[in-house]
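Each value in this text was obtained by applying a stated rule to the coordinates, not by laboratory testing. In this text the structure is predicted, and so the values were computed from the model without any measurement. Cβ: placed from backbone, ideal geometry, glycine included. Neighbour counts: every protein chain shown.
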There are 2 protein chains.
Amino acid sequence: MKIYFAGSIRGGRDDKEIYLAIIKELQSYGQVLTEHIGDASLTSFGEVGTTDQSIFERDMNWVKESDIVVAEVTNPSLGVGYELGQAEAMGKKIICLYRKVEGKRLSAMISGNQYMKVFEYETLEQVKDILTKQVV
Amino acid sequence: MKIYFAGSIRGGRDDKEIYLAIIKELQSYGQVLTEHIGDASLTSFGEVGTTDQSIFERDMNWVKESDIVVAEVTNPSLGVGYELGQAEAMGKKIICLYRKVEGKRLSAMISGNQYMKVFEYETLEQVKDILTKQVV
């Protein structure tokens, strides 16, 4: 199974350790195409040594060839939103993982969208349970 | 002309005054379907008295019926990203307006995407010039 994991890069790297933990978990289900999203050395400046156009084309090809898209949507990210909009248009199965944050709310484009499967979590154990049931 | 203006709501309202100024400018070209994005009383909590599903369905219908999508993409927003991904899939003309912010970069899903017309600006005068040339 090919898995496209989506998480914030230029939108902010506050959750990079959580992304890494989710990616490690996802790797027991198949190949995570976007393994670099969990890389602790990747900052909000983004990838270096490549062009934005190359990143865009590579990522969109990965979305196309993926069997499932798993997105961590707690940190607002233009790129993750775009990928979800495109993945939905391609008919991909989409799972969104969200941590409730005091005073913040998930975008209605995700929470009000019946196409997306959105799951709230607090712990990595809960993420594991969600993935066991959903990544099939 | 029907214009879908996209700006951050739940991703953060720091730029709400800029959104309002752009919306006022866009209103000289046609009907701005999403006039509420510039409403100073709209907080990052989002709209009240409606459901996320209603917001989602209304907004997606507006994207569908729009002739052009104009997005202010400086503040990272999951909803704006999703709308851009969907609008592109629908073949809509898309204009993105971006202010360079020290230490931050625009998502490669937007900046590296040849489909989008991305314009950097600093002043409202520059926005007016961009719109004069692009909103036709």
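Structure above, values below:
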quantity: FRET efficiency estimate (nearest 0.05) - Cβ-Cβ, A:Thr50 to A:Leu124, R0 30 angstrom; calculated: 0.45
quantity: Given chain A, longest segment not containing exposed loop GluC sites (Glu not before Pro) (DSSP; at most 13 other Cβ within 10 Å); calculated: A:1-101
quantity: Hz values of 3J(HN,Hα) by residue in the stretch A:42-49 - Karplus curve (6.51, -1.76, 1.60), Gly and Pro given as x; calculated: 7, 9, 6, 6, x, 5, 10, x
quantity: Distant-in-sequence amide H partners of A:Lys93 (H built 1.01 Å from N, under 5 Å); calculated: A:Val69
quantity: Cβ-vector label at 7 Å, B:Lys100, separations to other copies in nm; calculated: 4.3
quantity: Per-residue HN-Hα couplings for the stretch A:68-83 [Karplus 6.51, -1.76, 1.60; θ = phi - 60°; Hz; x = Gly/Pro]; calculated: 8, 10, 10, 10, 9, 10, 5, 7, x, 8, 5, x, 4, x, 4, 4
quantity: Amide H within-cut-off set for A:Val118, under 5 Å, with H built and near neighbours excluded; calculated: A:Cys96
quantity: Positive-pole candidate from B:Val135, B:Met109, B:Gln86, dipole of the stretch B:28-136, charges at beta carbon; calculated: B:Met109
quantity: Exam field: A:Gln27 pseudo-label spacings to other copies (7 Å along Cα-Cβ), nanometres; calculated: 5.4
quantity: Nearest-20 debye value, chain B charge dipole, Cβ charges on Lys, Arg, Asp, Glu; calculated: 300
quantity: Among B:Val32, B:Val69, B:Val101, residue whose mean-square fluctuation peaks in a GNM of chain B (springs only between Cα atoms under 10 Å); calculated: B:Val101
quantity: Relative contact order (percent, whole number), chain B, Cα cutoff 8 Å, 6+ residue spacing; calculated: 27
quantity: Estimated D of chain B in µm² per second, where Rh is the Kirkwood radius over Cα pairs and Stokes-Einstein applies at 10 °C, 1.306 mPa s; calculated: 106
